[in-house]
Structure formats: structure tokens, C-alpha cells
1. For the condition more than 30 Å from residue B:144 (Cβ to Cβ) and either assigned to a loop (DSSP other than H, G, I, E, B) or modelled with pLDDT of 95 or more (or both), what is the one hit in B:31, B:44, B:76?
2. Out of all the residues in the stretch B:46-77, which are among the acidic types (Asp, Glu) and within 11 Å of another protein chain (Cβ to nearest Cβ)?
3. Return yes or no: is residue A:491 at pLDDT 90 or above, within 14 Å of chain B (Cβ to nearest Cβ) and not in a strand (DSSP E or B)?
4. Criterion first (facing chain A (nearest Cβ under 10 Å), farther than 16 Å from residue A:455 by Cα and out of contact with any Phe, Trp or Tyr (no Cβ under 9 Å at 6 or more places or on another chain)) does residue B:83 satisfy it?
5. Collect the residues in the stretch B:87-101 that are within 7 Å of chain A (Cβ to nearest Cβ) and without any contact (Cβ under 8 Å) to a residue 24 or more places away in the chain, keeping them in residue-number order.
6. Give the number of residues within the stretch A:410-420 that are farther than 30 Å from residue A:398 by Cα and crowded, with 20+ Cβ neighbours inside 10 Å.
7. Would you mind telling me which numbered condition in (1) modelled with pLDDT of 90 or more; (2) outside any strand (DSSP E or B) residue A:352 fails?
8. Kindly indicate whether residue A:417 is free of Cβ contacts under 8 Å to residues at least 24 places away in the same chain and away from chain B (no Cβ under 14 Å).
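The values are calculated or read from the model by the stated rules, or taken from the named source; none is laboratory data. All of these numbers come straight from a predicted model, not from anything done at the bench. Neighbour counts are summed over all protein chains in view; Cβ atoms, including those assigned to glycine, are modelled from backbone coordinates with ideal geometry.
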Amino acid sequence: MPIALAVVEKVSHYNFKTMNKFTEDDLREELKTQEYEYGFYTDIESDTFPKGLNEDIVRAISKKKKEPQWMTDWRLEAFRIWEQMDEPKWANVTYKKPDFQDISYYSAPKSVDPNKTLDDVDEDLLAMYKKLGISIDEQKMMNNIAIDIIVDSVSVATTFKKTLAEKGIIFCPISEAIIEHPELVKKYLGTIVPQRDNFYAALNSAVFTDGSFCYIPKGVKCPMELSTYFRINEGGTGQFERTLLIADEGSYVSYLEGCTAPARDENQLHAAVVELIALDDAEIKYSTVQNWYPGNAEGKGGVFNFVTKRGICHKNSKISWTQVETGSAITWKYPSCILKGDNSIGEFYSIAVTNNYQQADTGTKMIHIGKNTKSTIISKGISAGKSQNSYRGLVQIHSRAENARNFSQCDSLLMGNDCGAHTFPYIEVKNKTAQIEHEATTSKIGEDQIFYCNQRGIDTEKAIALIVNGFSKDVLNNLPMEFAVEAQKLLEISLEGSVG
Amino acid sequence: MLKIVNLHASAEGKTILNGINLEIKAGEVHAIMGPNGSGKSTLAAVIAGKEEYTVEKGKITFEGQDIDELSAEERAHKGIFLSFQYPVEIPGVSVTNFMKTAINETRKAKGLKDMPASEMLKLIREKSELLEIDRKFLSRSLNQGFSGGEKKRNEIFQMALLEPKLAILDETDSGLDIDAIRIVSNGVNKLKNENNAIVIITHYQRLLDYIVPDFVHVMHNGKIVKSGTKELALKLEEKGYDWIKKEVYG
């Protein structure tokens, strides 16, 4: 008897502002209609949707992706490691542990529903799109509504692709890279975040279904901000995204990830892995806006976001992480830099906003191994409602890291009396030439500040936005211009109604 | 313009204003004096609509409208301005950005579009010259690291930009050196016209040498116990408040 297994690809419009709303009902409907228009069938066909994880599922994922044997083996190795591991419990978050056998490790594709119009979309969501200034077409894409002028987007994407190809830049779904550029994937995949790095990284390694691959050749300055935006309709993101970005010697790339539009993804568990490799004299700027569904005001629902992001810096290279985290019920995320090469630089700029019942435990690790390595950490945590916001950071200076320098600044802003801000800085120094600075502040938006703004004609919502944007300025300034404007709006919206 | 009738107000159950009566007409300058704790700043905050105060009794009308139900920002939109005794700091928000927001929010409330950037620039340039404010000052975070004098000058700069109908200056003179007093008063005098009114809350006669009041009121225990002309301020400077207390309470 064949195993009942239908493995179906979920394709969301892979736009940095775009994520799908995908409900259980949609899923059921899709399975009923059997419209697997993307044709991702395995040889084990069935119309039931299987849950759970075992070696067969891992093999099925790999097979469906038409992966070579080495990749299947790599996944299986990860799966076997994962089976032996326990979930990390040290983070300052509490939640009900997901049942890993109750998850489908493949979700159904989103096809355009010809009968659906924007009138069918949740009003709150539409109101939010309006505030964010998202175009009607983008709104439609986000809600899986047919767009008349999609050809334009495709042609735009094609133009960008051509420009990139001329420079020798490879930018494609990772599943494509595994097949088309196995030498690069094989050389770098798992070198920065090994399969056994942590529970979620191991899980991701076993079951990742898509993500991005990017390679910038020697000496090439990528002429545009690379973002998933340009990969519209080409691939899909999912619960287990895997990103691998290699900047060869002397190259430069700025990469944007995420979306400012509210991502009402019904997948509760997200475990992504991002690996960055900056070879000698290269520079990578990686910016993220994370706005997964945070759950409702009572703390029901919401995405668990367990992410492992890490980069390695070779000689004279630089990696800069900038993140704006406003979504998810639980965030567990520490974009880090291994400063292996002499004179390399690591930077981490972060804004984490928590409201209602959200919990975030986020920060960074700066591992100084090379001489004259420098790192900067600017973390801004904003807590409102009944949320808990923790900064957790490690600055580690190895014994051979002569003249290493670090500057850390962790500021927390509290709104109301029921939220919490926590800071867990870890500093380990094994070389006495190191210079380390750590500054931290905690402040509260005061009634006096609000009244002052009110008295100048600025209402309370706007006053909070102003104060929060001022507080976050050092980080917002590091985002690419257009992204910064959107992020700023997003901050305002995330905190709406948080001071009554 | 402003009419206050039998105003009683409290904070956290404690009565602070005890039956204030005051009428201010357009074109007038009023000074409110009185010992510490007499309720001067509370009166200013209540007029401006600070929520932590509860109006127990009485009425405040502004241009004929009862403003009891209006929020602080709505009162501001109507043209009530308070120069704070202790201006608050807002880190990361520049003076320019703050004032741009304030001006545009007020315009929005009146159904007007945002002020065009060129017009805003011109306005800011003009008013900063009036108050002898250095251009560099405008890009600094609001009130952060400002000296006492800079904070007060910035308050009057904001007043100049917003052009209120009624400006209440709460101890604007404290923390100002003699040069700054001259600059600030000069600014206020230039902004003064027959359509607006100014209320000066102060402890000292000094500021009133520069901004000459039409009326002087003395507050004590949450009440205006004596009103007069500018000579009253001179007498207070000379004799203190005790004689008034004696006069009022016997």
C-alpha cells in the first residue's frame, strides 16, 4: 500500500512587501479542487494532506525538488541530528511547544481565485494596506486575487535579471541553485550554520523547501538592492526558508528581506536559516523587516519565528545586519557575525517592537577572532501592551584577536505599565588589548512628553509615532531609503492603540 | 477671547484651583503672579487641557465656546499655546521635525494641506532670526542637552511658528540671563498684536519691564486674590506677598 502523501508546494508571491493570507479553509478548498497547477507531485499520490516528519518525508521533499543525492543525504543527516536534539529553553519566552508531528512540512500552492475580489478581503487588513500605501495590485497579489497587469511585474523582473546576469551575479531560488550551481552550494551550505548548530537549524536543514541563493563575483558591486521583490512569481517562501549569500572577494551587495505588509500566514512555526559569506574585502548589507502575524490583541494565534542568521567575515570584509522586527507572537533570532579575518567589521542594528502579548528574545553575537576586528551593536527595544522584549547579545574576543573593539548600545522604551524590557549582555574577553563599551538605557514614554506634543497640536497616536521614530532613528537610518520610510510607517501601525 | 468663570479644579482628589474668575480680551497682556504653590502653573495646564486635572466646577470659554470637552490638541488647534516651565526632551526628534509635525497637524485639523516645504523653510528661517536662533540648533534633538535658556528660547520660537491667539508663558523668564530675556521679550513683543493675547506667569517684575502687562493678577490658594495694573507688580517686587495675604485674610 502506498503511503498516503501529497506533497504540495506553497507558492506565495515572493515580493518583499508581499505575503499571502492562507487559511485552513483555503487549504481545504484547494485540496478539494485538486488544482495543483504548479505540478509538484511526487510519485506517492494521494488527496490527503499528511502531517508529521520522518525520513520518508525528508526524502520526498528532496525528490520532489529533483535534488541530487548529496543533497538528500545532507538533509537526512540533518534530520538524524535533529531527532537527537531538544528545543532550546534558555530564551526569555514562554509558549506551548509546537507538536512537530502535527505539522505539514509542505503546504499547498496558492492559486489565483478568479471569483475573488478585494471586497472579500478583511477590512482591517485593507485599512492597514492603505496606511502603508500599498498599491491595489500589490494588495491583490497579497490576497491572491488576479491582477490584470502582472505582465509588467514579470517584465520588470526580467529586466533586472538581465542586468544581474551581465555582471555575473547569480540570484535565484536555492532549489534552483542546488541543481544549477552545485559546486557553490556544496562548498558553502552549512559552513556557517552547520546542521547541528541548534534544534531549529537542524530542522530547517532537513526540510527547507525554498529560499534564496545569491552569489556576487569577485570585484562586482551589485548595482541594485537585491530583494525577493525581483523574484516575483518565480519561487516561494515558506515556513522553512534557507538563504545562502556569498560575496566573493572585493564585492558588495545590499540585500532586503521580508515585507512591511502584514503577513497573515497561518503556518504557526517558522524556522529560517540565513548564511552569509563575505570573502576578503567584500561587504554585505542585509536588511530585514519582519512583520509576521503577531496574534490578536488577546494573544491568540500568531507565528513562532525561530531564526538562525549568521555571517562570516574574511579579511577586511564587513557584514552589516539591520532588522526591524514588529511581527510574530514569539521571536527568537540572533543575527551574528564571525569576524574571522583581520580588520573585519560586524554591525548589528535592530529595532524590535512588541505589543499585546508578543514576546521577543533577539540580539546578536559578535565573535572576534581576527586582529583589529571591530563590531557595533545598536539595539532598540520597544515594548507595549503586555509584551516582553529581551535583548540578548554576546561579544566574544578570542585570544588572538589583538586590538578588537566593540561598542554596544541597548536602549529600551516602555509604553504603559504591563510590559517588560530585559537586557542580557554577555561579554567574554580573552585578549587584554580589547576595548569594549556597553551603554544601556531604559526609558518610558511619559505623560509629560505626550502632553507636550498634544499642546503643540499633535494627537497622542502621532505623538507616540514621533517619539518612537526618534528613539529608533539610529537604526532606521541604516535601512535603504525607501525601506526606511515603510519601516517607519510600520512602527506607527504596530503601536497603534497601545497608549489608551 | 478667554473667559474663566468660577473655575475649580483638582488633581488626584486634591483641590488646587478654588474659584478662578478671569477674562482676557484680544490685544491684552495679563500677568499672573503669586507665591509658589498658589496654583499658577495648574491654571495654565487646565486651560491647555492637561488630562490629569479634573474640572470640578466652573467653565472655561474660548472665543465663546466651552472648551471643557476639548482635548489638549484640539485646544492647541484653536490657538491656545502654552510655553512650558519645564519643556520635555524628545530624543532623536529634531526641533525642525517636531515643529513641522506640529504645524502640519494643526493645518490638518483645519482642513488644510501640509505646508509646502519651501514655505516651511522660509517661515523657520524668519522666526529663527527673530529669536536669534542658530541654524545648527534646529537639527538638534528637541530640548535634549539644551541649557535652561535654550529651552525657553525654543518655546518662544515654537510660539512664533504657531502664531497662537492665546499664549500662556509659564515662567518663561526663569533660567534666562539678561541677554536672553531681552531676546525672548523682543520676540514676544513683535508677535503681539490686537488679535492675540498673552498671559505671563512669573515670580519677578523683571520680565514685565520688557513685556508690559495691561493687568496684573495675584494668585493665592487657588484663587485670584487681587488684580490691578502694572503698578501692582512693582509693589509686589518691593513688598512681597505678605501684605496681600493680610489684606485678603485680615
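1. Only one candidate qualifies: B:31.
2. Applying the first criterion (among the acidic types (Asp, Glu)) to the stretch B:46-77 yields B:51-52, B:56, B:63, B:66, B:68-69, B:73-74.
Of everything in the stretch B:46-77, those that are among the acidic types (Asp, Glu) and within 11 Å of another protein chain (Cβ to nearest Cβ) turn out to be B:51, B:52, B:73, B:74.
3. It is false that residue A:491 is at pLDDT 90 or above, within 14 Å of chain B (Cβ to nearest Cβ) and not in a strand (DSSP E or B).
4. no
5. Scanning the stretch B:87-101 gives a single hit, B:101.
6. Of the residues in that region, 3 qualify.
7. (2)
8. Criteria met by residue A:417.
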